[in-house]
Amino acid sequence: MAATTSPSTAAAAVWAFATATCVKLLLVPTYRSTDFDVHRYWLALTHALPARQWYTDASSEWTLDYPPFFAYFSRLLSLPAPLVDASLVSLPVPDAPPSSAYLLYLRLTVAFSDLLLLASVLLLATDARRRQRSFLALVLVLWSPALLAVDHVHFQYNGFLMGLLLLSLHFLEQGKDPAGGVVFAALLCSKHLFLVAAPVYFVYLFRHYCCGRGVVRGLGRLVLMGAGVVGVFAMAFAPFLYYGQMQQLFSRLFPFGRGLFHAYWAPNFWVFYIILDKILAFLLRRLGFNIEIPEGSFTRGLVGDSSPFAVLPKVTPITTFLLVILAMAPCLVKAFINPQPKHIIRWVAYACSCGFMFGWHVHEKASLHFTIPLALIAMDSLDDIKHYFLLSIVSCYSLFPLLFESQEYPIKVLMLLTYGSLMWVGFSSHFAANFAREGKKVNGSGNLVKKFTGWISLGYLSGMFAIEVWSQVFHHHVFGDRLPFLPLMMVSVYCGVGMMYSWMWQLSWIVRHT
């Protein structure tokens with residue numbers, strides 16, 4: 001018999017979601033990034049033009065570069081739009097700032113699409129062992145400050161996409177593998193950047209669903225799973241195959257010419273590669289070697305082919321692909337040898353972590369792909385608590401540069417401090433309760449800090465405060481208008497240390513415990 005979510009947990013989760021929705025409404029008039037203009041244009045594009053022109057239209061710089069299901073999603077959101085403001089679906093998009101109704105409608109589409117995230121969280125309130133997850137674990141997803149900042153200030157639809165991912169993980173945890181595979185295929189047809197998790201899905205579903213049941217039955221299951229996945233991809237891509245636009249579509253989805261780095265360096269492995277290249281170039285020039293500095297400057301934070309290095313070898317897309325697969329290999333081996341549903345969330349989160357750490361042209365926002373799933377298992381052990389406490393703060397702080405206008409500064413600081421306080425109180429209570437059950441005592445706050453976070457982790461987190469004070473107070477007084485990218489570089493490098501630790505911790509846990 002399938003387990004059900006207890007009424008009290010479901011009601012509390014809905015209350016938490018309603019509270020988060022109120023915060024989202026308060027964020028309506030805040031800063032909007034160019035992603036707002038992107039989705040604003042896609043809404044008009046998918047409404048005003050037939051599907052055969054969606055991936056060929058180049059009348060705007062905001063060309064459609066998401067898979068077809070997201071285009072259909074934009075089309076769906078555009079249907080009631082003319083009732084609010086006709087300019088929402090007119091091409092060309094007006095240059096004038098959007099009206100209040102225009103802005104409110106688009107902001108509300110993001111909040112409305114978060115209902116899928118709520119539904120998935122409610123389903124995941126019961127884990128693979130049919131046990132109730134802690135209410136705090138659900139709140140950590142629904143109140144994620146990183147998700148609030150990226151979706152409801154910066155402007156994207158990650159809550160909707162993460163809802164699809166979590167729904168797929170729910171099905172896999174409950175042993176409904178075909179449904180999990182089909183929903184994941186729908187996710188890939190909505191945002192292709194989740195492809196990094198596909199190897200884990202393939203290995204897990206092949207071993208858990210298709211193998212060990214005899215040749216005939218196994219082949220039947222393989223055909224059934226394949227038919228479901230192929231059917232989803234056919235619904236997404238068949239029209240554009242009919243139009244003869246597949247090459248054009250894939251060139252939009254995979255623009256490798258953009259280079260290894262994004263404008264703001266994501267805090268991953270490649271940050272250290274850049275820094276090492278610059279240090280080597282500086283030292284070799286001081287030693288008299290003729291080192292030519294490439295014209296493309298990493299420190300200006302420009303989008304484009306910023307791949308040239310002065311000393312170290314140039315990195316290519318195939319190099320990053322191989323590194324991602326190599327980093328993922330231990331997880332794939334574990335999933336193949338012992339495909340247990342109770343580990344699937346951890347395996348998928350680790351796969352997304354590998355893509356973030358070693359992938360090509362990674363956006364800092366991609367950290368949501370593993371921090372959100374890891375929130376669900378943050379209460380599984382004290383080690384998970386300590387890891388998630390550090391990771392979530394590092395991930396959120398690494399997104400601070402996205403909200404760079406002064407009026408949003410108190411908002412992002414308050415959201416991070418509120419979330420950190422929530423984790424501190426909730427995790428500390430859980431930690432103390434665990435010790436009480438074991439007949440142990442936690443004497444004093446110092447002992448709690450030592451066992452809950454560790455002095456090294458606490459010192460590392462305190463370093464973020466120092467970087468923030470430098471960036472906001474001292475940098476301008478010391479350098480004036482020089483080195484404008486230095487504060488961003490400091491955030492990337494410092495947060496890269498925390499992200500690198502998180503990736504190694506996840507790898508170690510998977511190797512030792514799954």
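The values are calculated or read from the model by the stated rules, or taken from the named source; none is laboratory data. This one's a predicted model, so the numbers in the text were calculated from it and none came from an experiment. No Cβ is skipped: glycine too gets one built from the backbone with ideal geometry, and neighbour counts run over all protein chains shown. We work out accessible area using only protein heavy atoms, side chains counted, and drop any ligands, DNA or RNA first. Shrake-Rupley method; radii C 1.70, N 1.55, O 1.52, S 1.80 Å.
Structure summary
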{"quantity": "Integer Hz, Karplus 6.51/-1.76/1.60 couplings in order for segment 499-514, x for Gly and Pro", "calculated": "5, 5, 4, 4, 4, 5, 5, 4, 4, 4, 4, 5, 5, 8, 10, 10"}
{"quantity": "Segment 351-427 shape via C-alpha gyration tensor axes, a/c threshold 1.5", "calculated": "oblate"}
{"quantity": "Overall form of segment 193-248 per C-alpha gyration tensor (a/c, 1.5; a/b vs b/c)", "calculated": "oblate"}
{"quantity": "Student exercise, the chain dipole from Lys, Arg, Asp, Glu Cβ charges, in Debye to nearest 20", "calculated": "1680 debye"}
{"quantity": "Assigned charges on the beta-carbon of Lys, Arg, Asp, Glu; segment 113-206 dipole about Cα centre (debye)", "calculated": "240 debye"}
{"quantity": "Hz values of 3J(HN,Hα) by residue in segment 69-79 - Karplus curve (6.51, -1.76, 1.60), Gly and Pro given as x", "calculated": "4, 6, 5, 5, 4, 4, 4, 4, 5, 7, 4"}
{"quantity": "Potential extension, Leu382-Val216 segment - 0.36 nm per residue separation minus Cα distance", "calculated": "55.4 nm"}
{"quantity": "Dipole axis of the chain (+1 Lys, Arg; -1 Asp, Glu on Cβ), positive-most option in Leu287, Leu106, Ser90", "calculated": "Leu287"}
{"quantity": "Accessible surface, the chain, averaged per residue in Å² (probe 1.4 Å)", "calculated": "44 Å²"}
{"quantity": "Neighbour net charge for Val93 - beta-carbon separation under 13 angstrom, K R +1, D E -1", "calculated": "-4"}
{"quantity": "Heavy-atom accessible area order for Glu292, Glu408, largest first, 1.4 Å probe", "calculated": "Glu292, Glu408"}
{"quantity": "Nearest-10 value in Å² for the accessible area of Tyr419, using the 1.4 Å probe", "calculated": "10 Å²"}
{"quantity": "Set of aspartates and glutamates with alpha-carbon distance to Lys278 below 12 Å, sequence-local pairs under 8 removed", "calculated": "Glu292"}
{"quantity": "Dipole of segment 109-190, positive end: most advanced residue of Ala146, Ser190, Ser134 [Cβ charges, Cα centre]", "calculated": "Ser134"}
{"quantity": "Pairwise FRET efficiency - Val333 versus Glu292, Cβ, R0 = 35 Å, nearest 0.05", "calculated": "0.25"}
{"quantity": "Percent carbon-and-sulfur accessible area, segment 176-303, ignoring ligands, DNA and RNA, probe 1.4 Å", "calculated": "69 percent"}
{"quantity": "Potential extension, Ser100-Ala466 segment - 0.36 nm per residue separation minus Cα distance", "calculated": "127.9 nm"}
{"quantity": "Shape category assigned to segment 176-279 from the gyration tensor of Cα positions, a/c cut at 1.5", "calculated": "oblate"}
{"quantity": "Cut-off under 5 Å, modelled amide H: who pairs with His262 long-range", "calculated": "Val362"}
{"quantity": "Loop trypsin sites (Lys or Arg not before Pro), segment 100-167 (other Cβ atoms within 10 Å of the site Cβ: 15 or fewer; DSSP)", "calculated": "Arg129, Arg130, Arg131"}
{"quantity": "³J(HN,Hα), Karplus 6.51/-1.76/1.60, whole Hz, each residue of segment 265-271, x for Gly, Pro", "calculated": "4, 5, x, 10, 4, 5, 4"}
{"quantity": "For the chain, calculated [θ]222 nm from helices alone, where every DSSP H run of n ≥ 4 adds -39500 (n - 2.57)", "calculated": "-20500 deg cm²/dmol"}
{"quantity": "FRET E, pair Arg130, Ala310, Förster distance 56 Å, beta-carbon r, rounded to 0.05", "calculated": "0.50"}
{"quantity": "5 angstrom amide H check on Thr126, placed H, neighbours 5+ away", "calculated": "Arg133"}
